[in-house]
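The values are calculated or read from the model by the stated rules, or taken from the named source; none is laboratory data. The structure displayed is predicted, hence computed values, not measured ones. As a convention, Cβ positions derive from the backbone with ideal geometry for all residues, glycine included, and neighbour counts pool all protein chains shown.
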């Protein structure tokens, strides 16, 4: 089995004949990133508190501290649990066979159908404390998990993902053999409001998907 943590983006591209696209040529990712969702004044005030806390501490936090002190509260604002139809899961095993190759691991986060246990994953997440990590490639790890999620869904839908390097968030989309990654969104800049907006749009997209199944 090829473990997510061992994946490199170049290896995945070659192994599965993947085609990375610039953002302007991946319409499903553009649609997600440009989607609109209202952010309340209360949410804005809370984001400013989180932002100040992040800016003061991000250089010293390890991965778990980053997840507990910033990433978790960001996802909690969106409340991804929805009528027990889908939920946000952490460190759950995900595995499958993609073109004869077994892939598996435990993504930092999954949004999947199911309530107590994940069933069909639609979104995969990975985070790293440092901007450059010599022991891992978070983009590749997310993409590997997305490839498995695509197979579990029998390639019926696009799969979405995200990885975080310290203060920087990157969003991804995969459809068939084509994928794209957004520019960085800095959580210590006004872009923090875009990050929350994008997550809220994601929730709406997943609601629409499970409602049509």
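Is there a residue in segment 59-80 that is assigned to a loop (DSSP other than H, G, I, E, B) and under 17 Å from the mean Cα position of the chain (by Cα)?
So in segment 59-80, the residues assigned to a loop (DSSP other than H, G, I, E, B) come out as 59-62, 79-80.
Going one step further and asking which of them are under 17 Å from the mean Cα position of the chain (by Cα), we end up with 79-80.
Yes, segment 59-80 contains at least one residue that is assigned to a loop (DSSP other than H, G, I, E, B) and under 17 Å from the mean Cα position of the chain (by Cα).
Do we find that residue 44 is surrounded by fewer than 15 Cβ atoms within 10 Å (Cβ to Cβ), touching a residue at least 40 places away in the same chain (Cβ under 8 Å) and within 20 Å of the chain's Cα centre (by Cα) in this structure? Write out each step before concluding.
Working: surrounded by fewer than 15 Cβ atoms within 10 Å (Cβ to Cβ): yes; touching a residue at least 40 places away in the same chain (Cβ under 8 Å): yes; within 20 Å of the chain's Cα centre (by Cα): no.
It is false that residue 44 is surrounded by fewer than 15 Cβ atoms within 10 Å (Cβ to Cβ), touching a residue at least 40 places away in the same chain (Cβ under 8 Å) and within 20 Å of the chain's Cα centre (by Cα).
For segment 168-178, does any single residue satisfy the condition of being under 24 Å from residue 91 (Cα atoms), under 15 Å from the mean Cα position of the chain (by Cα) and outside any strand (DSSP E or B)?
Looking through segment 168-178, none of the residues is under 24 Å from residue 91 (Cα atoms), under 15 Å from the mean Cα position of the chain (by Cα) and outside any strand (DSSP E or B).
Among 160, 170, which is crowded, with 22+ Cβ neighbours inside 10 Å and either closer than 20 Å to residue 18 by Cβ or at pLDDT below 95 (or both)? Before the answer, list the steps.
Details: 170 fails: crowded, with 22+ Cβ neighbours inside 10 Å.
Checking each option against the conditions leaves just 160.
Within segment 89-98, does at least one residue satisfy the condition of being loosely packed, with under 14 Cβ neighbours inside 10 Å and touching a residue at least 24 places away in the same chain (Cβ under 8 Å)?
Yes, segment 89-98 contains at least one residue that is loosely packed, with under 14 Cβ neighbours inside 10 Å and touching a residue at least 24 places away in the same chain (Cβ under 8 Å).
Which of the residues spanning segment 69-88 are free of Cβ contacts under 8 Å to residues at least 40 places away in the same chain and crowded, with 18+ Cβ neighbours inside 10 Å?
Residues satisfying the conditions are 87, 88.
Quick check on residue 121: is it touching a helix residue (DSSP H, G or I) at 6+ places or on another chain (Cβ under 8 Å), under 23 Å from residue 16 (Cβ atoms), free of Cβ contacts under 8 Å to residues at least 60 places away in the same chain and surrounded by 22 or more Cβ atoms within 10 Å (Cβ to Cβ)? Don't jump to the end; show me each part of the working.
Working: touching a helix residue (DSSP H, G or I) at 6+ places or on another chain (Cβ under 8 Å): yes; under 23 Å from residue 16 (Cβ atoms): yes; free of Cβ contacts under 8 Å to residues at least 60 places away in the same chain: yes; surrounded by 22 or more Cβ atoms within 10 Å (Cβ to Cβ): yes.
Against the criterion (touching a helix residue (DSSP H, G or I) at 6+ places or on another chain (Cβ under 8 Å), under 23 Å from residue 16 (Cβ atoms), free of Cβ contacts under 8 Å to residues at least 60 places away in the same chain and surrounded by 22 or more Cβ atoms within 10 Å (Cβ to Cβ)), residue 121 qualifies.
For residues that are surrounded by fewer than 14 Cβ atoms within 10 Å (Cβ to Cβ) and touching a strand residue (DSSP E or B) at 6+ places or on another chain (Cβ under 7 Å), scanning just segment 1-19, find the one that is modelled with the lowest pLDDT.
Of the residues in segment 1-19, the ones surrounded by fewer than 14 Cβ atoms within 10 Å (Cβ to Cβ) are 1, 10, 14, 17, 19.
With the extra rule that they be touching a strand residue (DSSP E or B) at 6+ places or on another chain (Cβ under 7 Å), the set shrinks to 1, 19.
Values: 1: 91, 19: 98.
Applying the filter and picking the extreme gives 1.
For residue 61, are the conditions met, namely being touching a strand residue (DSSP E or B) at 6+ places or on another chain (Cβ under 6 Å) and modelled with pLDDT under 95?
Here the answer is no, as residue 61 does not meet what is asked.
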